[in-house]
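Student: Submitted below is the structure of interest, expressed as structure tokens.
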Amino acid sequence: MADIAQTAAQPPAETAAEAGPRPAARESRFRTVVATGVGNALEWFDWNAYAIFAPFLAAQFFSKTDGLSAILATLAVFAVGFAARPLGGFLFGWIADRRGRRFAMTLSVGGAAAGSLLIGVAPTYGTVGAAASLVLVAARLVQGLAHGGELPSAQTYVAETAPAERRGLWSSLIYVSGTLGVMAATAFAAVLTSLLAPEQMNAWGWRVPFLLGGLFGLYALVMRRRMPETEVFENAASSAARTDRPRMWPAIVAHRKQALQIVGVTAGLTVVYYAWAVYAPQYAISNRGLDPAGALWAGLAANVVFLVALPAWGALSDRIGRKPVLFISSLGMTAAIYPLNAFIGPHAWQLAVAMAVAMVFVAASASIAPAVYAEIFPTHIRTVGVAVPYALCVATFGGTAPYLQTWMGAEFGEAYFTGYVAVLLLISSAVVASVPETRGRALR
């Protein structure tokens, strides 16, 4: 009777479930979100600081005899970092699918921190000559390897942690945290160029964001070591331990259609992102004559708009589906790109408005890409299956965007690069039509 009375006194299982997660579970989830977001933000900070500080890096790591050649060489090194991303995607994707998402994310943020610190302490061209350029290339390769593994690992981690009915909203965390990293890098540049004289910026000011980014990256590494592994991966790993684990390459070949879909969807959208979200202020400074501080503050304001739009688009995709939101992004930006490019003039507010409108369209696809990619791949190859095609695409199209924008503008005129972006966006729209609707799909 005592046992019956004790059982009766306990709340039913349904009531406990309806009460929501326990405080300990909520605290653990909060720590998980913070660790994922902070590490991702810092890695984006390190990565995009290079593009934002490209004019200063050109003066420090290359010969000053030809300013345009120095800028192009600096942007070429930017693209070299992207070339390492596919290898990083494969390496860290393999680690994530074999050893766990948390382990891969911890390694990737450590690599990013090391690359950033190396740039921060690197000798300049005036000190060691061409060897300075080699050090810069080495640092970018390390960052490329790390970033190639960070994004797909973090995307997979968030997608597997999120409830299926809110996966679109949760997946926006990746670009929300990444945008905070971009904004921090932009704010550093704006503050430094506002407070320091040009001589001070060229002497030591450009080193500050790389040193701080590296140090904070080491802090993120410690945070990630304390994160729990996802239940989806643990269940899959437990099942694989009882059966033969599928071999990776045959599994990737079997899902080649999904890999090609990732490339097609990503191609136009990554070019737009790097052209408008990352490099637009620097391009406006170099080609439209904008004041550096004003252009950087305009970029910061536009990224605030991007930050607000991301969770809104993610939540909308949980209601109306992924494909309508992807179409709004690609087709909407195709229609807007020429007017927005023409709107940019000699004033910083024009750049801010043009960037803000572009960022609203870019946010639609960026917010849900992690959810879409995770939902079309099975657990045992989810990370590497996304990482390799995604990294190849970003390296091919995103990494070359700043260089092509500068080169095409100088050789043929700005309209040619704008047309190139519009064509890629139309290709992305066509591929979106072939992707199945995955809203609410259970991860398998």
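The values are calculated or read from the model by the stated rules, or taken from the named source; none is laboratory data. Computed from a predicted structure; not experimentally measured. Cβ sites come from the backbone with ideal geometry, for glycine too, and all protein chains shown count toward neighbours. Heavy atoms of the whole protein, side chains included, go into the accessibility calculation; ligands, DNA and RNA do not. Shrake-Rupley method; radii C 1.70, N 1.55, O 1.52, S 1.80 Å.
Student: Tabulate in residue order the Karplus-calculated ³J(HN,Hα) for the stretch 318-325, using 6.51 cos²θ - 1.76 cosθ + 1.60 with θ = phi - 60°, rounded to whole Hz; enter x for Gly and Pro.
Tutor: For the stretch 318-325, the Karplus-derived couplings read 6, 9, 10, x, 6, 5, x, 5 Hz, x marking Gly and Pro.
Student: While we're here: Counting C-alpha atoms alone, how compact is the stretch 49-139: give Rg to one decimal and Dmax as a whole number, in angstrom.
Tutor: Over the stretch 49-139's Cα set, Rg and Dmax evaluate to 15.4, 50 Å.
Student: Roughly how many whole Å is it from the C-alpha centroid of the stretch 321-377 to that of the stretch 108-169?
Tutor: Cα centroid of the stretch 321-377 versus Cα centroid of the stretch 108-169: 24 Å apart.
Student: Along the stretch 89-96, what does the Karplus equation 6.51 cos²θ - 1.76 cosθ + 1.60 (θ = phi - 60°) give for ³J(HN,Hα), rounded to whole Hz, x for Gly and Pro?
Tutor: x, 5, 4, 6, x, 4, 4, 5
Student: Which of the three applies to the stretch 366-415, rounded, prolate or oblate, going by the alpha-carbon gyration tensor with a ≥ b ≥ c and a/c under 1.5 meaning rounded?
Tutor: prolate
Student: How far is helix 414-432 tilted, in degrees, relative to the longest principal axis of the Cα atoms in the chain, given as a value from 0 to 90 rounded to the nearest 10?
Tutor: Computed tilt is about 10 degrees.
Student: Moving on. Longest segment of the chain with no chymotrypsin sites (Phe, Trp or Tyr not before Pro) in a DSSP loop having at most 15 other Cβ atoms within 10 Å?
Tutor: For chymotrypsin sites (Phe, Trp or Tyr not before Pro) (loop position, at most 15 other Cβ atoms within 10 Å), the longest site-free span of the chain is 205-411.
Student: Something else: So if the hydrodynamic radius of the chain is defined as the Kirkwood radius over C-alpha pairs, what does Stokes-Einstein give as its diffusion coefficient at 25 °C and 0.890 mPa s, in µm² per second?
Tutor: Answer from the Stokes-Einstein relation: 110 µm²/s.
Student: Give the dimensionless ratio obtained when the Cα radius of gyration of the stretch 301-442 is divided by 2.2 N^0.38 Å.
Tutor: 1.13
Student: Using 7 Å Cα-to-Cβ label points, what is the LEU134/LEU211 separation (nm, one decimal)?
Tutor: Taking the simple label geometry, LEU134 and LEU211 are separated by 2.6 nm.
Student: Using only Cα atoms, find the angle between the long axis of helix 23-52 and the longest principal axis of the chain, and express it within 0 to 90 degrees, rounded to the nearest 10.
Tutor: Taking the Cα atoms of the chain, the angle to 23-52 is about 20 degrees.
Student: Fully extended, how many nm does the chain gain between VAL121 and ARG288 (0.36 nm per residue separation, minus their Cα-Cα distance)?
Tutor: Additional length available on full extension: 56.9 nm.
Student: Using only Cα atoms and rounding to the nearest 10 degrees, what angle (0 to 90) does helix 208-225 make with the longest principal axis of the chain?
Tutor: 10
Student: Given the -39500 (n - 2.57) contribution per DSSP H run of 4+ residues, what per-residue ellipticity at 222 nm results for the chain, rounded to the nearest 500 deg cm²/dmol?
Tutor: After summing the helix terms and dividing by the residues of the chain, the value is -26500 deg cm²/dmol.
Student: Students sometimes get this wrong: rank HIS380, HIS255 by accessible area, probe 1.4 Å, all chains present, largest first.
Tutor: Result of the area sort, largest leading: HIS380, HIS255.
Student: While we're looking at this one, here's another question. Mean separation of Cα pairs under 8 Å and 6+ residues apart, divided by the residue count of the stretch 294-357: what relative contact order is that in percent?
Tutor: That works out to 54 percent.
Student: If you don't mind, another one. Under Stokes-Einstein, with the Kirkwood radius over Cα pairs standing in for Rh, what whole-number D in µm²/s applies to the stretch 117-226 at 37 °C and 0.692 mPa s?
Tutor: It comes out at roughly 200 µm²/s.
Student: Quick one: dipole size for the chain, taken about the Cα centre, charges +1 on Lys/Arg Cβ and -1 on Asp/Glu Cβ, in debye to the nearest 20.
Tutor: Computed charge dipole of the chain: roughly 800 debye.
Student: How many Å² of accessible area per residue for the chain, probe 1.4 Å?
Tutor: On a per-residue basis, 41 Å².
Student: Another question, if that's okay. Could you tell me which of rounded, prolate or oblate describes the stretch 293-364, using a ≥ b ≥ c as the square roots of the eigenvalues of the alpha-carbon gyration tensor, with rounded for a/c under 1.5 and, failing that, prolate when a/b is larger than b/c and oblate otherwise?
Tutor: Because a/c hits 1.5 or more and a/b fails to exceed b/c, the stretch 293-364 counts as oblate.
Student: Just reorder LYS257, LYS64 by solvent-accessible area, largest first, 1.4 Å probe, all chains present.
Tutor: Final ranking, largest accessible area leading: LYS64, LYS257.
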